[in-house]
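Worksheet: the structure to be examined is printed underneath.
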Amino acid sequence: GGSFLNPGEIPLAAQARMAQGVAGSEKTSILRVESRVPYIVEETVAPLIDILKPARKTLDIAIGFETQDEVLRNKKLVKGMSKAGFAKAVDTSKRLGARVSAYIILMPVDMSERHAIEECVASIRYVFATGVDEVLLQARYSHHPDVKAPKLWSIARVLRETADLGPVMLGQW
């Protein structure tokens, strides 16, 4: 629920110690961290790559992009992230040798099934076009009976329509 690469949340020394733990592990091959885009900069990413790369381990940075629609992402979901900022974070990560995963939400707010599918497919297309390695697809869920979640057929349709773009993993969150 935070941002691993934010030194104010997890000090750089602690981040390095965690990366060293993964680097020394026989069973672990990927260190996946979640981060907001302002913290995906050379000063935070490069030290982790420097620790992991000699051990042939991978840093995977997961970003909660959620939707390509700027109004939905920033006004309704209050993500505070522009497409340009996202693309820059992806570029920085890739240039330094990290993988990037992006969270996308099917039906991030109440909307019709058709609109939700179209928005989700457009979002997945967008993030793959920026260079993302993997999409972590989340179907909106709530235990509140008045909050509508997408239907199973909508999830299947999104997966079918995006299968040729790259790995789209359902429910990896």
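For region 156-170, a residue qualifies if it is in contact with a strand residue (DSSP E or B) (Cβ under 7 Å, 6 or more places away or on another chain), modelled with pLDDT of 95 or more and closer than 12 Å to L106 by Cα, and the qualifying residues are V158, L159. Each residue in region 98-129 was checked for being open to solvent by 40 Å² or more (accessible area, probe 1.4 Å) and of a type in the set (S, T, N, Q), and 1 of them qualify. Does S154 fit the bill of being of a type in the set (S, T, Y), open to solvent by less than 50 Å² (accessible area, probe 1.4 Å) and either without any contact (Cβ under 8 Å) to a residue 24 or more places away in the chain or farther than 20 Å from I63 by Cβ (or both)? For S154, the condition - of a type in the set (S, T, Y), open to solvent by less than 50 Å² (accessible area, probe 1.4 Å) and either without any contact (Cβ under 8 Å) to a residue 24 or more places away in the chain or farther than 20 Å from I63 by Cβ (or both) - is met. Selection within region 73-96: residues that are modelled with pLDDT of 95 or more and open to solvent by less than 50 Å² (accessible area, probe 1.4 Å). The member of this set that is farthest from I124 (Cα to Cα) is L96. For Y126, the conditions (1) farther than 22 Å from E34 by Cα; (2) touching a helix residue (DSSP H, G or I) at 6+ places or on another chain (Cβ under 9 Å) are fulfilled apart from (1).
Selection over region 80-126 of residues that are in contact with a Leu (Cβ under 9 Å, 6 or more places away or on another chain), within 21 Å of S3 (Cα to Cα) and of a type outside the set (S, T, Y) gives a count of 8. Can you find, within region 117-131, the residue that is farthest from R73 (Cα to Cα) among those that are without any contact (Cβ under 8 Å) to a residue 60 or more places away in the chain and touching a strand residue (DSSP E or B) at 6+ places or on another chain (Cβ under 6 Å)? Checking each candidate, the answer is I124. Taken over region 17-41, residues that are among the small types (G, A, S), buried (at least 16 other Cβ atoms within 10 Å of the Cβ) and within 21 Å of the chain's Cα centre (by Cα) amount to 2.
The values are calculated or read from the model by the stated rules, or taken from the named source; none is laboratory data. Bear in mind the structure is a predicted one, so any value in this text is a computation, not a measurement. Here the Cβ is made from the backbone with ideal geometry for all residues, glycine too, and neighbour counts use every protein chain on show. All accessible areas refer to the heavy atoms of the entire protein, side chains included, with ligands and DNA or RNA removed. Shrake-Rupley method; radii C 1.70, N 1.55, O 1.52, S 1.80 Å.
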